Ligand SMILES: Nc1ncnc2c1ncn2[C@@H]1O[C@H](COP(=O)(O)OP(=O)(O)O)[C@@H](O)[C@H]1O
Ligand SMILES: [Mg+2]
């Protein structure tokens, strides 16, 4: 047994089976100082059980993910962290329904009536996939075409979300007139306008310079706070994960498995200069860089 450390926020490695964490189980595991963090018990939103994914390539079979067990709760900001090639994008594609698992199950617990179900899960990619022949406003309106809204209402909704991402003054610009950060904001507005149940973000800020990235992180946090969306955010950047996440889920690769989860204290914005964060970042980086290290102990403060 490894010596217990002082960090108050770490959960044991996962790979937990259904028996250990049944549907509707408390967000916090026994032994974790949940009450000290003062979070209400949220509803289960997404449940991933024993999911495995294999690809067939010219080189043979590639096991991208193995035995993934994960739950995400309503309104949670969950960060999936892991090195390149460990299966982060594959996991998001499975959640979005763009790929099917070999076996295992992925369940979304909808909070809406069936007839309301429109956009359930939307992915925002590293390269904002906007249509270059449309303006920013037209890009945001594009997804609303299938919803039976009037032109006026559609435009009002689109402009509301463009204002939320601070792009209302750029509504009539074309995509090539936008900076990288603005493109990602436009992609965010285009996703939010559809009111998805789950927002899946695949390294959306990875191609941005440091300052733009920090600014967008702050803005995303504010938008998340205001819209109360459930977000699953993929990154390979430890600081980004602990800045944004309520919880950080560390994957190790080849094949990708959940190595460890870290539940962060709820105070926001995060005080990154504090010893707590430096210590937590160092701890995660050690786990990140050491694929052979198995952590199974419960660590509490
Ligand atoms: N469509 C595919 N066909 C074959 N192999 C794939 C495919 N998609 C992903 N992979 C492989 O699965 C593994 C995980 O990939 P990916 O999910 O993209 O990782 P990450 O997003 O963490 O960088 C990699 O080895 C990758 O080469
Ligand atoms: Mg990826």
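In cubic angstrom, how much convex hull volume per residue do the alpha carbon atoms of the stretch 132-195 span? Walk me through the numbers on the way to the answer.
Working: hull volume 4.6 nm³, N = 64.
With only Cα atoms used, the stretch 132-195 gives 71 Å³ per residue.
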Worksheet item: Roughly what would the spin-label model give for residue 195 and residue 163, points 7 Å off Cα along C-beta, in nm?
Response: 1.8 nm
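Tell me the relative contact order for the stretch 47-113 as a rounded percent, counting alpha carbon contacts under 8 Å between residues six or more apart. It would help to have the intermediate numbers written out before the result.
Working: 89 pairs, mean separation 28.1, N = 67.
That works out to 42 percent.
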Discussion item. Run the simple label-point estimate for residue 62 and residue 152 please: 7 Å along Cα→C-beta, distance reported in nm.
Written reply: 5.2 nm
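With an 8 Å Cα cut-off and a minimum separation of 6 or more residues, compute the relative contact order for the stretch 132-195 in percent. Working shown, then result.
Details: 66 pairs, mean separation 32.3, N = 64.
So the answer I get is 51 percent.
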Worksheet entry | Sites residue 133 and residue 218, calculated FRET efficiency, Cβ-Cβ separation with R0 35 Å, nearest 0.05 | 0.65
Fill in: Separation of the residue 109 and residue 50 label points, Cα + 7 Å toward Cβ, nm
2.0 nm
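Stretch residue 102-residue 226 to full length: gain in nm at 0.36 nm per residue minus the Cα-Cα span?
40.9 nm
Quick note: the coordinates plus some simple rules give every number you see, no bench work behind them. Owing to the predicted nature of the structure, the values given are computational and were not obtained by experimental measurement. With ideal geometry, Cβ positions are generated from the backbone for all residues, glycine too; neighbour counts draw on all protein chains shown.
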